[in-house]
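Here the structure is laid out as structure tokens; the discussion comes afterwards.
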Amino acid sequence: MRPIDLRSDTVTQPTSAMRRAMASAEVGDDCYGEDPTVRRLEEVAAARLGKESALLVPSGTMANLAALLTHCERGQAIVCGDTSHIVRSELGGAATLGGLTYRTVPNLADGTLDERDLAAALAPGGDAAGAGVVCLENTHNYCAGAALSPAATQSTARAAADAGVPLHLDGARIFNAALAQHTTVAELAAPATSVSFCLSKGLGAPVGSLLCGGAAFIARARQTRRMLGGAMRQAGVFAAAGIVALDEMVERLAGDHETARRLAAGLADIRGLRPLPVATNIVIVEVSGIDGATFVRRLRDAGVLCMEFGAGRVRFVTHNGIVAADIERALVAASSALDAAA
Ligand SMILES: *Cc1c(COP(=O)(O)O)cnc(C)c1O
């Protein structure tokens with residue numbers, strides 16, 4: 001039987017509509033600004049996010065990196081949550097390549113930054129490096145897919161503006177955040193100077209992320225992308241899938257939230273498992289009785305893939321390749337994995 005792959009929504013396969021669009025995409029040399037499909041995707045993305053311009057990059061990591069290097073001068077500090085993807089999962093790229101430092105503020109369980117801690121991190125004076133940018137993440141991966149509200153984003157943006165620095169929003173899963181709150185991605189992105197999002201996660205495209213912001217900022221980010229080796233040629237081949245993703249794959253994310261809620265409810269009924277509250281398509285469960293690695297291995301042996309996510313925690317992510325019956329099978333496997341422990 002095919003494994004039930006709940007490791008990440010990045011494992012999604014392109015749909016047949018995407019493959020057709022890719023096969024017939026009109027392309028050109030995007031490094032020369034001549035790929036009409038890439039230009040169209042960038043226009044569609046900018047309009048959706050409510051920003052002037054957008055830039056296609058190969059990955060979410062490069063979208064964040066290009067944003068940070070464009071916003072900051074060497075020696076400045078990136079102020080961000082201590083469990084943000086930028087700090088935890090991007091190999092310190094902004095330090096290595098941009099001479100930037102990281103100043104972390106504790107993330108609260110809902111993915112926001114405590115106002116007083118943020119103010120302290122942004123306070124002028126002292127011997128610390130000056131802040132160059134503030135970052136938020138929506139949805140917040142390590143905070144179990146928590147969705148930040150427009151008001152929370154606005155409040156952090158105000159603190160950043162008071163300190164004279166821009167706000168970058170890592171919106172890898174911002175479409176999930178918007179659906180969960182019955183709002184639009186433009187509303188969520190409005191307080192931010194720049195926003196990045198992934199086509200390659202729940203939206204199901206094979207490759208690509210977009211960085212969106214003002215026209216002058218994006219023009220400079222385009223140069224940064226070139227420096228990072230991220231300028232591409234006939235990228236319209238996969239940009240075409242991105243256009244389909246934005247046209248056809250957004251509303252269906254609600255189904256992923258539904259399967260995630262069902263999974264969490266079932267896991268909560270299993271002794272030794274305690275799921276964190278579910279907001280979107282990410283379920284993080286605290287495991288007791290056995291260690292996380294053993295739990296993950298037993299599930300894998302039963303054909304269910306998930307990921308260890310810090311000590312005693314395991315992450316499951318729902319996506320387009322997961323149906324209700326898969327969730328029921330995963331629950332049976334999870335229950336047996338803990339029975340075997342007894
Ligand atoms: C996945 C992710 C990224 C990075 O995207 P890649 O395409 O894997 O480089 C950045 N931020 C968050 C919150 C993510 O979940």
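Please treat every number below as a calculation from the coordinates, not as lab data. Owing to the predicted nature of the structure, the values given are computational and were not obtained by experimental measurement. Cβ atoms come from the backbone with ideal geometry, glycine included; neighbour counts cover every protein chain shown.
Rg and Dmax of the chain over Cα atoms: what are they, in angstrom?
20.2, 63
Describe numerically, in nm with one decimal, the distance between label points set 7 Å from Cα along Cα→Cβ at residue 97 and at residue 271.
Label at residue 97, label at residue 271, 5.1 nm between them.
So what is the calculated 222 nm ellipticity per residue for the chain, using -39500 (n - 2.57) for each DSSP H run with n of 4 or more, over all residues, to the nearest 500 deg cm²/dmol?
Values: 14 runs with 145 residues, N = 342.
Value at 222 nm, helices only: -12500 deg cm²/dmol.
Pull up all non-local amide H partners of residue 112: gap of 5 or more, or a different chain, and H-to-H distance under 5 Å with H placed in the peptide plane.
When sequence neighbours closer than 5 places are left aside, there are no close amide H contacts.
So, R0 is 41 Å and r is the distance between the beta-carbons of residue 311 and residue 248; what FRET efficiency does that work out to, to 0.05? Could you put the intermediate results ahead of the total?
On the way: r = 39 Å, r/R0 = 0.96.
Step by step, r from the Cβ atoms, then E = 0.55.
What is the chain's relative contact order, in percent, from Cα pairs under 8 angstrom and six or more apart in sequence?
Details: 736 pairs, mean separation 84.0, N = 342.
RCO, the chain: 25 percent.
Convex hull over the alpha-carbon atoms of the range 88-244: what's its volume per residue in Å³? The partial results should precede the final answer.
On the way: hull volume 20.2 nm³, N = 157.
With only Cα atoms used, the range 88-244 gives 129 Å³ per residue.
Can you run phi through the Karplus equation (6.51, -1.76, 1.60; θ = phi - 60°) for the range 134-142 and list ³J(HN,Hα) in whole Hz, with x for Gly and Pro?
For the range 134-142, the Karplus-derived couplings read 10, 10, 10, 10, 8, 6, 9, 4, 6 Hz, x marking Gly and Pro.
Taking Cβ-Cβ under 4.7 Å as the only way to count a partner, pick out the unpartnered cysteines of the chain.
Cys with no partner Cβ under 4.7 Å: 31, 72, 143, 198, 212, 306.
When Lys and Arg each count +1 and Asp and Glu each count -1, what net charge do the other residues less than 13 Å away from residue 103, Cβ to Cβ, add up to?
-3
Points 7 angstrom from Cα along the Cβ direction at residue 2 and residue 110: gap in nanometres?
Result: 3.9 nm between the two label points.
Could you tell me which helices of the chain pass both thresholds, a Cα extent of 15 Å or more along their own axis and a mean Kyte-Doolittle hydropathy of at least 1.0, with helices taken as whole DSSP H runs? Write out the running numbers ahead of the final one.
Numbers: long enough: 36-49 (20 Å, -0.10); 60-71 (16 Å, 0.85); 150-162 (18 Å, -0.35); 215-227 (18 Å, -0.45); 236-248 (18 Å, 1.45); 253-268 (23 Å, -0.02); 324-339 (23 Å, 0.66).
Taking the DSSP H segments of the chain (at least 15 Å long, mean hydropathy at least 1.0), we get 236-248.
Give me the percent relative contact order of the range 36-102, please, defined on Cα pairs under 8 angstrom at least 6 residues apart.
Working: 50 pairs, mean separation 18.0, N = 67.
This gives 27 percent for the range 36-102.
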